[in-house]
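Each reported figure results from applying straightforward, stated rules to the coordinates on display, with no laboratory input. Being a predicted model, the structure only gives us computed values, none of them experimental. We place every Cβ from the backbone using ideal geometry, glycine too, and count neighbours over all the protein chains shown.
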There are 2 protein chains.
Amino acid sequence: MSFKFTLIHKDKYTDARAGILEVNGIKIETPVFMPVATQGAIRSTPINMVKDCGAKIILGNTYHLHIYPGESLIKKHGGLKKFLGWDYATLTDSGGFQVFSLPQKKITDEGIQFRYEKNGQKVFLTPELSIKIQEDIGADIIMVLDECVEYPCSKDYAKKAVERTIKWAKICKNVHKKENQYLFGIVQGSIYKDLREYCANQIVKLNFPGYAIGGVSVGEGLELLKKVVEFTSPILPKNKPRYLMGVGLPEDLIESVERGIDMLDCVIPTRFGRSGTVFTVRGKIRITNKDYRRDMYPIDLSCSCYTCKNFTRAYIHHLFRVKEPLGATLCSIHNIHFYINLMQKMRNAILEDSFKEFKENFYSNYFNKL
Amino acid sequence: MSFKFTLIHKDKYTDARAGILEVNGIKIETPVFMPVATQGAIRSTPINMVKDCGAKIILGNTYHLHIYPGESLIKKHGGLKKFLGWDYATLTDSGGFQVFSLPQKKITDEGIQFRYEKNGQKVFLTPELSIKIQEDIGADIIMVLDECVEYPCSKDYAKKAVERTIKWAKICKNVHKKENQYLFGIVQGSIYKDLREYCANQIVKLNFPGYAIGGVSVGEGLELLKKVVEFTSPILPKNKPRYLMGVGLPEDLIESVERGIDMLDCVIPTRFGRSGTVFTVRGKIRITNKDYRRDMYPIDLSCSCYTCKNFTRAYIHHLFRVKEPLGATLCSIHNIHFYINLMQKMRNAILEDSFKEFKENFYSNYFNKL
């Protein structure tokens with residue numbers, strides 16, 4: 001088994017890149033979007049239908065999987081992939097981001113002390129423990145434990161968090177022993193250019209097979225997100241994949257890819273899908289809106305997903321109206337397909353040096369609703 | 001388009017029958033189980049996965065569909081089949097059974113006066129209106145409006161309901177005009193042999209393409225259900241399909257088929273599935289039971305459904321534990337497959353004159369858990 005990232009082409013007029021990531025025999029075209037199976041399932045969506053959407057890599061959350069069902073059961077199954085019935089690649093985060101959002105956590109240089117939300121049990125998440133759990137969960141790609149800070153965050157504290165992130169990255173790298181599992185480094189530094197640069201340089205020195213930009217999507221907004229990617233991405237090695245964690249809306253994906261990002265993950269497609277918000281080339285719509293009660297069109301006329309090929313907006317509207325859980329399933333399928341398809345369109349545009357035109361064209365449809 | 005029922009074989013030692021029902025170009029092997037899409041969806045289950053379970057005919061509830069989304073929207077889609085994305089046959093009930101369970105209904109010889117549960121609106125469901133709604137919904141097979149009585153029910157009242165059922169059956173037959181849609185008669189009569197016989201004889205005189213036994217599964221229990229089927233079924237014409245409405249558990253299906261029933265429907269596979277109760281050849285199990293927390297087997301080792309081919313009991317247990325809706329989906333798929341497969345096994349046994357042995361063998365596994 002192996003890990004290999006091949007940069008195929010860089011767009012002539014932007015920093016957007018098309019590549020191929022091969023991990024343990026699975027070939028993933030980049031830029032790639034990774035649907036999130038937080039608790040061991042893409043919510044409301046049978047995994048074979050996620051596959052039919054064209055997904056090649058999905059993400060599991062270490063924090064949630066550690067609580068339920070616990071990594072030992074996943075290990076017993078032969079890893080996350082076998083546990084949830086997935087044929088392609090998997091990635092787990094380190095647990096740091098979830099813990100970051102908990103109240104009453106206490107962070108020291110040794111790790112993060114917190115209590116489980118569900119049962120109040122005390123846990124001390126160290127870099128060593130995060131790697132141990134992730135080794136047991138057994139994803140193809142795993143992440144170092146990092147300290148994610150809030151937005152806004154003082155520069156003093158952001159600096160402290162960067163130092164911890166670097167320290168923990170070294171520990172993670174040293175303790176990670178599992179073969180055929182590839183550990184990515186993470187760059188922190190809030191919105192501070194010099195901190196991001198410093199952190200990126202230190203992390204890159206450790207020579208990971210891939211690098212992530214963390215600590216974004218914490219409320220900073222698209223303009224700051226763009227800046228953070230803009231000054232962090234160029235420091236990361238050209239020949240390694242760049243993963244922007246927890247992003248985002250379609251426009252966030254486009255702006256990030258334009259700035260050199262290769263991998264993204266987000267719960268938005270399924271979270272929005274569950275409440276009936278669906279993406280179309282003409283913008284987001286809420287299928288629960290009464291305008292769609294008798295609408296005979298599919299969610300998106302140009303879409304080839306299972307939902308759009310088989311059902312009208314009126315039917316899906318009806319499902320939400322009668323509180324039928326199938327509505328959430330159909331909208332989640334559509335949204336996942338929309339995201340995967342958006343990445344493929346971006347990749348094609350990159351290969352043709354037409355990313356700028358693609359973006360303009362996409363926005364002119366997406367933000368100018370009829 | 002057309003309707004044709006061919007009796008292929010009667011089991012030598014029981015009244016069990018194997019046949020083929022052809023309706024509008026769709027070939028359905030009988031005995032057949034029909035999953036229920038109450039409100040226009042098999043709950044929690046993508047319709048393509050219902051198809052993969054081997055279902056060839058599904059049922060919609062006229063009462064629910066009339067309220068939401070209303071039959072005009074379904075008609076606009078080209079009928080129920082197109083509305084919910086189903087390729088095979090469909091059947092609608094008359095609405096009578098759902099109305100029967102409402103409080104404050106008032107039944108006269110003209111129809112049933114009731115209020116919608118959801119908005120209190122007054123409705124007067126007549127035989128004419130039921131047929132009109134069912135014509136708009138456009139299922140392949142539709143049902144006459146009948147009066148379903150409670151159990152227990154006085155013989156006097158049961159007699160009145162039988163007379164109304166006969167009267168309404170005549171009206172339904174007269175007003176039903178839609179081509180390529182086949183209207184079944186329904187036999188009522190509570191648990192009274194002479195009433196059932198009388199009703200069956202009167203209904204059969206009207207010459208429907210198929211006949212149902214209604215007013216069962218209302219709390220009378222398996223022993224009385226068996227008796228009702230036993231004294232009603234032989235009166236129904238041999239060359240027409242016999243449909244037992246709203247039945248039931250696996251043992252109910254077996255006992256009914258043994259007594260000459262060709263078609264059955266029930267919400268049990270999906271209703272039980274949603275709460276994690278699943279059927280196996282060794283009896284029902286509750287997957288939410290902690291015994292299954294680390295169980296590496298599929299729900300049923302002998303099962304070839306999507307769920308059993310891809311997931312362990314431990315995984316499905318986990319999904320319910322974290323309240324992930326996919327758990328309901330996977331259990332519903334398994335249960336629907338179990339029911340469809342049970343019918344196929346019965347059919348094979350009938351064709352080999354070994355229904356009795358099949359039943360004994362099934363029960364000895366199903367009721368004697370290891």
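Looking only at the range A:109-152, count every residue that is closer than 15 Å to A:Gln188 by Cα and surrounded by fewer than 21 Cβ atoms within 10 Å (Cβ to Cβ) and tell me the total.
Result for the range A:109-152: 3.
If you check A:Asn365 against the conditions, is it surrounded by fewer than 22 Cβ atoms within 10 Å (Cβ to Cβ) and within 20 Å of A:Gly248 (Cβ to Cβ)?
Yes.
What are the residues in the range A:168-200 that are assigned to a loop (DSSP other than H, G, I, E, B) and within 29 Å of A:Leu80 (Cβ to Cβ), if any? Step through it out loud before you land on a result.
Of the residues in the range A:168-200, the ones assigned to a loop (DSSP other than H, G, I, E, B) are A:176-181, A:188-192.
Listed by number, the residues that qualify are A:His176, A:Lys177, A:Lys178, A:Glu179, A:Asn180, A:Gln181, A:Gln188.
Any idea how many residues of the range A:37-66 are in contact with a strand residue (DSSP E or B) (Cβ under 9 Å, 6 or more places away or on another chain) and either farther than 25 Å from B:Ala314 by Cβ or within 13 Å of chain B (Cβ to nearest Cβ) (or both)?
Of the residues in that region, 16 qualify.
Which is more than 23 Å from B:Lys226 (Cα to Cα) and surrounded by fewer than 24 Cβ atoms within 10 Å (Cβ to Cβ), of B:Glu163, B:Glu197?
Result: B:Glu163 is the single residue among B:Glu163, B:Glu197 that is more than 23 Å from B:Lys226 (Cα to Cα) and surrounded by fewer than 24 Cβ atoms within 10 Å (Cβ to Cβ).
Any chance the range B:97-108 includes a residue that's crowded, with 24+ Cβ neighbours inside 10 Å and assigned to a helix (DSSP H, G or I)?
no
Assuming B:Met296 fulfils every condition listed in (1) aliphatic (A, V, I, L, M); (2) in a loop (DSSP other than H, G, I, E, B); (3) surrounded by 15 or more Cβ atoms within 10 Å (Cβ to Cβ); (4) within 13 Å of another protein chain (Cβ to nearest Cβ) apart from one, which condition is it?
Condition (3) is where B:Met296 drops out.
Restricting attention to the range A:307-327, which residues are part of a helix (DSSP H, G or I), under 28 Å from the mean Cα position of the chain (by Cα) and facing chain B (nearest Cβ under 7 Å)?
A:Leu326
Just one of the numbered conditions (1) in a helix (DSSP H, G or I); (2) within 28 Å of A:Pro46 (Cβ to Cβ); (3) more than 12 Å from chain A (Cβ to nearest Cβ) is not true of B:Leu301; which one?
The one condition B:Leu301 does not meet is (1).
Looking only at the range B:127-165, count every residue that is in contact with an Asp or Glu (Cβ under 6 Å, 6 or more places away or on another chain) and either more than 20 Å from B:Leu206 (Cβ to Cβ) or part of a loop (DSSP other than H, G, I, E, B) (or both) and tell me the total.
Matching residues across the range B:127-165 total 4.
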